[in-house]
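J.: This structure is in structure tokens; I'll ask about it shortly.
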Amino acid sequence: MVPSLEGSTEQQAPAQGIHALRGDKVNVRSFTFSFALGIFLLVELVILGALSTFCLISLKETARQFEMGYTERGREIALSLSANTLATDQKSMARVSAIFAGIVNKNQYLEGERPVTEIFILRKDGRVLAHSDLSLVTTLTQEAANAVSAKYNNEFYHSSLFYEANSVQQQNLEKPEGIFHGKNSFIVDTLMGSDVHYSTDFSVALKEVDARTRKEKSYATLHVVMNRLSEYYYLAAILNKYLLLFAMAFLAGFIATAVILFAFLLRANAIQREWKSALTYMWENEVIKTEVSHGFKALSGKLSEIEKRVNQPPPALPQQRPQTEILDAILIEPAQ
């Protein structure tokens, strides 16, 4: 019996579905470059972002603490020196200048750069009575050019004359060119703040009792000029350490990415094995169902044919022809 074209088509359809099911696989081993790059960038963003926030907050707080200590130190030096500066004679001023020079030269970071730049006493008439640099002390001469200081005799340095004793005034000086140059100087300047200058003048008025009125009056001002060079260097050193920490964190992110991808690969292989097992189970069930379906269809066809044959009426018998012909006679003799 030749199978019909319709039956052949029905048999091919499940087979095509089975092949499609077997070919439906997820290749989890093939990591694309974009996927790995995305994981790498995500890990680096989390690590470096958290580290950057921590470093920025830490550096800002360190700069704030430095600025507080810088201000307190300048005020303490100015007050302590003003309390010990009483006599104004030339011999006493020479000794005071030596003390000022010792304080300024105590610490030195670079050639010509010290935390305390200069200390001097400026009389209200413009003369420099004592200075950490003896060459800047006003000489005893009648020449007008040497009678007053052209550098310090201005409103900026005389402003403390109008304040009470032990009242320290703080005024910022502009940063001179070429003082601090480094690879990260612009970052340090940002951390220090736009309102923080390179040098600060801490000044306090020196009082004396007027012989006529018996009242105190300002006769000079004591100035302590300090710079923030030590803060710059310390912040720069911390920043360099943080940059090294950033490099280590970047390497750690690379290693963490490799570990994550390897763990994902192992997990993906397990998922792939389970997926293949599920596909195989589904494929085997589909084959069994297809074969059983074909068997049932063939059996149903056979039963239908048998049923048709059983229910078919028997063929009609042929009608008897009339006996018109003379049959041969057989003579039977009786027995004697």
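J.: Just order 115-128, 207-220 by mean Cβ neighbour count inside 10 Å, highest at the front, would you?
T.: Put in order of decreasing packing, that is 115-128, 207-220.
J.: A further question follows. Filter the cross-link list Lys124/Lys215; Lys106/Lys207; Lys124/Lys151 down to pairs whose alpha-carbon distance in this structure exceeds 21 Å.
T.: Numbers: Lys124/Lys215 17 Å; Lys106/Lys207 28 Å; Lys124/Lys151 14 Å.
As for pairs spanning more than 21 Å Cα to Cα, those are Lys106/Lys207.
J.: Then there's this: Tyr163 to Phe250: FRET efficiency via 1/(1 + (r/R0)^6), r the Cβ-Cβ distance, R0 35 Å, to the nearest 0.05? Before the final figure, lay out each step's value.
T.: Numbers: r = 54 Å, r/R0 = 1.53.
Approximately 0.05, to the nearest 0.05.
J.: I've got another one for you. Under a crude label model (7 Å from the Cα following the beta-carbon direction), how far is Phe296 from Phe54 in nanometres?
T.: 6.7 nm
Just so you know, all these numbers are worked out from the coordinates, no wet-lab data involved. The structure presented is a predicted model; accordingly, all values stated were derived computationally and were not measured. Positions of Cβ are backbone-derived with ideal geometry, glycine not excepted, and every protein chain shown enters the neighbour counts.
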